[in-house]
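The values are calculated or read from the model by the stated rules, or taken from the named source; none is laboratory data. Note that the structure is predicted; figures quoted are calculated from it, not measured. Here the Cβ is made from the backbone with ideal geometry for all residues, glycine too, and neighbour counts use every protein chain on show.
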Amino acid sequence: MTHSLVTKYNVPGPRYTSYPTVPFWDDATFCLKKWKETLKRSFQESNKKEGISLYIHLPFCESMCTFCGCTKRITKNHSVELPYIQAVLKELRMYKEVFGERPIIQQLHLGGGTPTFFSPEHLESLLNGIFHIAQRGTKCEFSFEGHPNNTTREHLKTLVSFGFTRVCYGVQDYNETVQKAIHRIQSFENVKKVTKDARDLGYTSVGHDIIFGLPFQTKSHVKNTILKTIQLMPDRIAFYSYAHVPWLKGNGQRGYRDEDLPTAEEKREQYEIGKELLLDAGYIEIGMDHFALKSDSLYKAQEEHNIHRNFMGYASSKTQMMLGLGVSAISDSWYGFAQNVKGLSEYHHLIENDILPILKGHILTEEDLIVRKHILNLMCHFETSWKNESEYFPELPEVLFKLKELEDDGLVSISQDKIKVTTTGKAFVRNICLPFDLRLQRNKPETKLFSMTV
Ligand SMILES: C=Cc1c2[nH]c(c1C)Cc1[nH]c(c(CCC(=O)O)c1C)Cc1[nH]c(c(C)c1CCC(=O)O)Cc1[nH]c(c(C)c1C=C)C2
Ligand SMILES: C[C@H]1O[C@@H](n2cnc3c(N)ncnc32)[C@H](O)[C@@H]1O
Ligand code: SF4
């Protein structure tokens, strides 16, 4: 990788889990009435055909990892579990009222925070509650995020009995200095044990999350972490670039200084080293940040062009509608987005008063729908085209003009009616999406909103 490319393209940029990205949602056009309309429309169009996806945010953790950008509440008091589950179930019932019919759950993901903070018994009540209100789909894909330090065989057994087949564990880095800096001490032995337990109990996809660019992390730490990971051969690996966003309220990114972070140059080298080791071990790079073995469903989905990106990252199939429950969760009705309030007491208060706990949202315009398709294509398939009239938008020539420079740098190739990301360009896919992001182009932010793209 040439140094000049890294320097040139290391700019703040969204991770494109949605388009428009959250900071560009237009709250002025959003209200509860419109949100419910888009939900009903989408539900009518898609529930019977393909079901819906459900994301449940379980925000508690016993200990604060200082790198973490997720919405969480640190506590050792487990009495928070039951009231939270009851609130989430009530939120689902409120949505069922809007739909007027039982939703069919095709995909279910428990994220956090730490879902394994909850006792197996409480997770069981949560799932029993869900499948009392909603119907189970026929092609279920159920997954959860587990903390290697507190995922027990009981957790795994309980969830497998409800049809869960995928788990991803937070690993981040095995080095002690790095672990101290991010306030997350976690041994290889624990990861090995929970990986084996999941496999023994029938999970078909075990994933590990690894991060490069963490405080005090070096190339040799990354190399060691990947080599250890390869010993366990997880089916999927998320190899994330550390997103440094200390300005986000309450995310707790502290305890280290900016100077303790690797430079952009060093960070890119860490990525290159990790990527080479993963490719040598038989992993295939899929979309942004993701690697999978050829036996994993994510690889097959990519081959068959079924891969989809949503707020949770990549999925091996798509539903038009994704409902997010719990604090900070985002829902996507395809025609609109909504994000829940982030505070626990506010969430409980609104639910108690039969009010959908929504903080903000966005109704997509015709233009948003077209642009979103192109950004999704780039993030999922590393290419996009405007062969059909419905894929064209008036600003496209300007977008292509801006992309010319990226083409000269070898990141994309542009032809008559499509663009393709090159092998070098894959690491810069966020930069390639930027010219398509019309809302950002029209309204360049003056304050920092996004993490750096390298
Ligand atoms: C399990 C924790 C979560 C991670 N991502 C999400 C959760 C719940 C979901 C999520 N990620 C982002 C958004 C905002 C929507 C958007 O802007 O498209 C949501 C709902 C984007 C995002 N994620 C991270 C940051 C800093 C941002 C803002 C955009 C940016 O600066 O790039 C940090 C981060 N969180 C997670 C990962 C994997 C990650 C960074 C690699 C997990
Ligand atoms: C769910 C997964 O999200 C990743 N994750 C959480 N916060 C960040 C961040 N600031 N930067 C990069 N990755 C992050 C971790 O790898 C975790 O395991
Ligand atoms: S990384 Fe996981 S355990 Fe750590 S604070 Fe974030 S959500 Fe909690």
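Structure data summary
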{"item": "Check on Thr158, touching a strand residue (DSSP E or B) at 6+ places or on another chain (Cβ under 8 Å), assigned by TED's automatic domain parsing to the domain that holds Leu232 and of a type outside the set (Gly, Ala, Ser)", "result": "no"}
{"item": "Residue identified as buried (at least 16 other Cβ atoms within 10 Å of the Cβ), over 27 Å from Ser328 (Cα atoms) and either without any contact (Cβ under 8 Å) to a residue 12 or more places away in the chain or touching a Phe, Trp or Tyr at 6+ places or on another chain (Cβ under 6 Å) (or both) among Val167, Val222", "result": "Val222"}
{"item": "Pick from region 173-191, criterion assigned to a helix (DSSP H, G or I) and closer than 17 Å to Thr116 by Cα, ranking: farthest from ligand 1 (Cβ to nearest atom)", "result": "Asn190"}
{"item": "Complete set of residues in region 23-41 that are buried (at least 16 other Cβ atoms within 10 Å of the Cβ), within 15 Å of ligand 1 (Cβ to nearest atom) and either among the basic types (Lys, Arg) or assigned to a helix (DSSP H, G or I) (or both)", "result": "Phe24"}
{"item": "Within region 233-346, strands (runs of 3 or more DSSP E) holding 1 or more residues that are modelled with pLDDT of 95 or more and aliphatic (A, V, I, L, M)", "result": "236-241, 284-286, 290-292, 322-325, 330-332, 336-340"}
{"item": "Region 42-64, residues that are within 16 Å of ligand 1 (Cβ to nearest atom), farther than 20 Å from Pro120 by Cα and buried (at least 21 other Cβ atoms within 10 Å of the Cβ)", "result": "Ser53"}
{"item": "Residues (more than 19 Å from Arg309 (Cα to Cα) and among the small types (Gly, Ala, Ser)) located in region 362-402", "result": "Ser390"}
{"item": "Count - residues of region 104-126 that are buried (at least 21 other Cβ atoms within 10 Å of the Cβ) and away from ligand 1 (no atom under 16 Å from the Cβ)", "result": "4"}
{"item": "Residues that are touching a Gly at 6+ places or on another chain (Cβ under 6 Å) and within 15 Å of ligand 3 (Cβ to nearest atom), drawn from region 71-98", "result": "Lys72"}
{"item": "Region 131-164, subset more than 15 Å from ligand 2 (Cβ to nearest atom) and over 27 Å from Gln86 (Cβ atoms), residue nearest to the chain's Cα centre (by Cα)", "result": "Lys139"}
{"item": "Condition broken by Thr71, with the remaining ones in (1) in contact (Cβ under 8 Å) with a residue 24 or more places away in the chain; (2) away from ligand 2 (no atom under 16 Å from the Cβ); (3) more than 30 Å from Asn224 (Cβ to Cβ) satisfied", "result": "(2)"}
{"item": "Residue check, Val88 of a type in the set (Val, Ile, Thr) and more than 23 Å from the chain's Cα centre (by Cα)", "result": "no"}
{"item": "Test: residue in region 66-83 that is more than 17 Å from Ile351 (Cβ to Cβ), modelled with pLDDT of 95 or more, out of contact with any helix residue (DSSP H, G or I) (no Cβ under 7 Å at 6 or more places or on another chain) and in a strand (DSSP E or B)", "result": "yes"}
{"item": "Near pairs, Cβ below 7 angstrom, 6+ apart or cross-chain, from region 188-203 (over 12 Å from Thr165 (Cα atoms)) to any residue that is loosely packed, with under 15 Cβ neighbours inside 10 Å and β-branched (Val, Ile, Thr)", "result": "none"}
{"item": "Condition check for Val6: among the β-branched types (Val, Ile, Thr) and within 15 Å of ligand 1 (Cβ to nearest atom)", "result": "no"}
{"item": "Single unsatisfied condition, Ser331 versus (1) surrounded by 23 or more Cβ atoms within 10 Å (Cβ to Cβ); (2) within 30 Å of Met233 (Cβ to Cβ)", "result": "(2)"}
{"item": "Residue list for region 192-224, restricted to those being within 16 Å of ligand 1 (Cβ to nearest atom), at negative phi and part of a loop (DSSP other than H, G, I, E, B)", "result": "Leu214, Pro215, Gln217"}
{"item": "Residue, surrounded by the fewest Cβ atoms within 10 Å (Cβ to Cβ), within region 196-219, restricted to residues that are of a type in the set (Val, Ile, Thr) and under 21 Å from the mean Cα position of the chain (by Cα)", "result": "Thr204"}
{"item": "Single unsatisfied condition, Ile284 versus (1) in contact (Cβ under 8 Å) with a residue 24 or more places away in the chain; (2) crowded, with 16+ Cβ neighbours inside 10 Å; (3) more than 24 Å from Gly13 (Cβ to Cβ)", "result": "(1)"}
